[in-house]
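The values are calculated or read from the model by the stated rules, or taken from the named source; none is laboratory data. Note that the coordinates shown come from a computational prediction; the quantities given were computed from them, not determined experimentally. Using ideal geometry, Cβ is built from the backbone for each residue, glycine included, and neighbour counts are taken over all protein chains shown.
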Amino acid sequence: MIPIKRPVRVPLVLRTRGREATVRLCEEYDSSPEAYREGKKSFTSRDFDSGVYGARSVKNALRKAQHDKCAFCESKVSHIAYGDVEHFRPKAGYRQRPDGPLVRPGYYWLAYEWSNLFFCCPLCNQRFKRNHFPLTDDTRRAISHHDRIEVEEPLLIHPALEDPAEFLEFDGEYVRPVNGNSRGVATIGILGLNREEIAEKRRHVLGLIKDLIACRELFAIQVKDHPDQEYLKRLAAIDERLDWYEKVYRSDSAEYAAMIRTALKARTQ
Ligand SMILES: [Zn+2]
């Protein structure tokens, strides 16, 4: 996971149809707030228009801002699927624990909110995160549009508001929480960030980099003892290749950039 810079300009469909739909949802809630709070009435996925939050203009703007990568696992989405527009705070209902009850309503007033949307891969969205949205303290949860989400402390890291590197780091191809922090632990668990499918892809890329760094070290020793032209030429070629990796993986558009940046640090240590 790396920081995401979302475009400041909100897509038109969210500012028009999205805003109207949000007003309707809020009015509906206000027509019988007790019934909604007590769970006698609820919003279901049928009450939300995927043609608005998942509109092509929305998806394309997110996809571009995220360099066609999943906001969470950093896989290039178009390689494997069309990709989903995901709600950071679930729109219809949420779970505090993965095996806990689905509590309704969810964050219905954020269904068309630009800052609540991400582009992500179907696995992160549909198999792992789903409705799971735990808070450090569930009693501080915003349960309607009259409450402030700013008082909540979500366990899931928000890559457009926070720097994931403060919470997550890499040990080889596996993500781990920095100093065992609870938000890192929760984020890895909620999103399945160490699932074998991604670990395998990361391992493949990492293996190439590690082998190159090891070769470079060996050639550097050889050059020191026998500074002949052949060794010097090979060392220069390896350095050139590693420079290329550095350049590519310094860019946010590279798949698994967070992990490769960590691996390349070994080059300078
Ligand atoms: Zn993903």
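Before moving on, here are some points about what is shown:
- Residues of the range 49-83 that turn out to be touching a His at 6+ places or on another chain (Cβ under 9 Å) and more than 16 Å from the ligand (Cβ to nearest atom), as a count: 1
- If you go through the range 222-254 and keep only what is assigned to a helix (DSSP H, G or I), aliphatic (A, V, I, L, M) and in contact with a helix residue (DSSP H, G or I) (Cβ under 8 Å, 6 or more places away or on another chain), you end up with 223, 232, 235, 238, 242.
- Once the range 107-129 is narrowed to residues that are surrounded by 17 or more Cβ atoms within 10 Å (Cβ to Cβ) and free of Cβ contacts under 8 Å to residues at least 60 places away in the same chain, the residue that is farthest from residue 22 (Cα to Cα) is 121.
- Members of the range 170-199 found to be within 14 Å of the ligand (Cβ to nearest atom), assigned to a helix (DSSP H, G or I) and in contact (Cβ under 8 Å) with a residue 24 or more places away in the chain, listed by number: 187, 190, 191, 197, 198, 199
- Residue 32 being closer than 30 Å to residue 170 by Cα, assigned by TED's automatic domain parsing to the domain that holds residue 112 and hydroxyl-bearing (Ser, Thr, Tyr): no
- Test: residue in the range 133-156 that is at pLDDT 95 or above, within 16 Å of the ligand (Cβ to nearest atom), surrounded by 15 or more Cβ atoms within 10 Å (Cβ to Cβ) and not in a strand (DSSP E or B): yes
- Which numbered condition residue 167 misses (of (1) of a type outside the set (Gly, Ala, Ser); (2) within 16 Å of the ligand (Cβ to nearest atom); (3) at pLDDT 95 or above; (4) touching a helix residue (DSSP H, G or I) at 6+ places or on another chain (Cβ under 9 Å)): (2)
- A Cβ distance below 8 Å, combined with a sequence gap of six or more or placement on separate chains, defines the contacts here; from the range 53-73, residues that are of a type in the set (Gly, Ala, Ser) reach residues that are within 15 Å of the ligand (Cβ to nearest atom) and in a loop (DSSP other than H, G, I, E, B) in the pairs 65/4; 71/1; 71/4; 71/159.
- Test: residue in the range 36-45 that is closer than 30 Å to residue 176 by Cα and surrounded by fewer than 16 Cβ atoms within 10 Å (Cβ to Cβ): no
- Here is the figure for the range 50-78: residues that are surrounded by fewer than 18 Cβ atoms within 10 Å (Cβ to Cβ), in a loop (DSSP other than H, G, I, E, B) and on the phi < 0 side of the Ramachandran plot total 1.
- Selection status of residue 8, without any contact (Cβ under 8 Å) to a residue 40 or more places away in the chain, farther than 24 Å from residue 129 by Cβ and part of a loop (DSSP other than H, G, I, E, B): yes
- Residue among 105, 90, 101 that alone is in contact with a His (Cβ under 9 Å, 6 or more places away or on another chain), assigned to a loop (DSSP other than H, G, I, E, B) and not charged (D, E, K, R): 90
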